[in-house]
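Taken together, the values in this text are just the output of simple stated rules run on the coordinates, not laboratory data. Predicted model only: the values in this text are computed from it and were never measured. Cβ sites come from the backbone with ideal geometry, for glycine too, and all protein chains shown count toward neighbours.
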Amino acid sequence: MSYTFDPAPVVTLPVVGSDLLFPVRRIFCVGRNYAEHTKEMGGDPDTETPMFFMKPAESLVAAGGSIPYPGATTDLHHEVELVVALRSGGSNISPEQAGGHIFGYATGVDLTRRDLQKICKDKRHPWDVAKGFENSAPCSSITPQTSDLLSGTSSISLRVNNEVRQQATLGDMIWSVEHIIYHLSRLFELRSGDIIMTGTPAGVGAIKSGDDVTCSIEGLSDLKFQLT
Ligand code: MN
């Protein structure tokens, strides 16, 4: 048997210090994981479980570069996020077990059509059109996990044309990476190749054609891209 047409290529991310490519399966995203960002969006940070949504794997832009300004929006926002890449998965993973499923970490941006997201929120519609469009998930190379790679004091930041827009530490996250994996694995059977965008700190805002965006998480590869 052969295919009716050529299947889509496997989406991959480079691995720092290796010739191997990490094959991406699904992109899970966490909403409202930093209290100050939740407040700037008009929400209440005191919620009991994380809020999840997804992007298609094909929305990934490996290692940044040039990204075309998307259609259907006049208010494209940046959201810098720690990205977790899973080497293995399962259901009902405990926080204590979670670290053993992590392959490594990367620096990513959850590009958001904020104007469409506002309409979705007002109409109680799903967020797909605001979050899951092509090129909406630029992501750096993955740095393999080591015991001292990241800590609560590791900085996370995003600059637009060299001006700092977002600046926080990973310790500002409401749900830790381990607790995100714990909650997510109760909703989905996690698999090798799944990646998780873990939410953004305060300071989100609009970017426009010609802007240079640089994202840094202490210990990981920078992510740089330009909107065209
Ligand atoms: Mn986000």
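The stretch between residue 49 and residue 88, if pulled fully straight at 0.36 nm per residue, gains 11.7 nm over its current Cα-Cα span. Only Cα pairs within less than 10 Å get springs; with that Gaussian network setup on the chain, which residue of 48, 218, 178 has the largest fluctuation? Comparing 48, 218, 178 in the GNM, the peak value goes to 48.
What's the center-to-center distance, using Cα atoms, between the stretch 1-65 and the stretch 114-135 in Å? The two parts, judged by their Cα centres, are 16 Å apart.
Springs between Cα atoms under 10 Å define the GNM used for the chain, and in it the highest mean-square fluctuation of 41, 54, 197 occurs at 41.
Under a 5 Å amide H cut-off, with hydrogens placed 1.01 Å from N, residue 154 pairs with 170, 171 among residues at least 5 apart or on other chains. For the chain, a simple Cβ point-charge model (Lys and Arg +1, Asp and Glu -1, everything else neutral) yields a dipole of about 480 debye relative to the Cα centre. Longest segment of the chain with no trypsin sites (Lys or Arg not before Pro) in a DSSP loop having at most 13 other Cβ atoms within 10 Å? Result for the longest clean stretch: 1-123. Rounded to whole numbers, the Karplus 3J(HN,Hα) couplings from phi for the stretch 166-175 are 10, 7, 7, 10, 5, x, 7, 5, 5, 9 Hz, using 6.51 cos²θ - 1.76 cosθ + 1.60 with θ = phi - 60°, and x at Gly and Pro.
Helix-only arithmetic for the chain: the sum of -39500 (n - 2.57) across DSSP H runs with n ≥ 4, divided by the residue total, places the mean residue ellipticity at 222 nm at -4000 deg cm²/dmol. Backbone amide hydrogens, once placed in the peptide plane, bring residue 211 within less than 5 Å of 227, excluding anything fewer than 5 places away on its chain. Bridging of residue 55 to aspartates and glutamates at a Cα separation below 15 Å is possible for 79, 81, 110, 128, 134, 194, once same-chain residues fewer than 8 apart are set aside. Computed across the stretch 23-227, the Kirkwood radius stands at 16.8 Å (inverse of mean 1/r, all Cα pairs). Projected over all directions and averaged, the alpha-carbon convex hull of the stretch 113-228 occupies 8.6 nm².
Projected label points at residue 187 and residue 151, each 7 Å from Cα along the beta carbon direction, are separated by 3.2 nanometres. Of all lysines in the structure, those lying under 17 Å Cα to Cα from residue 224, and not within fewer than 8 positions of it along the same chain, are 208.
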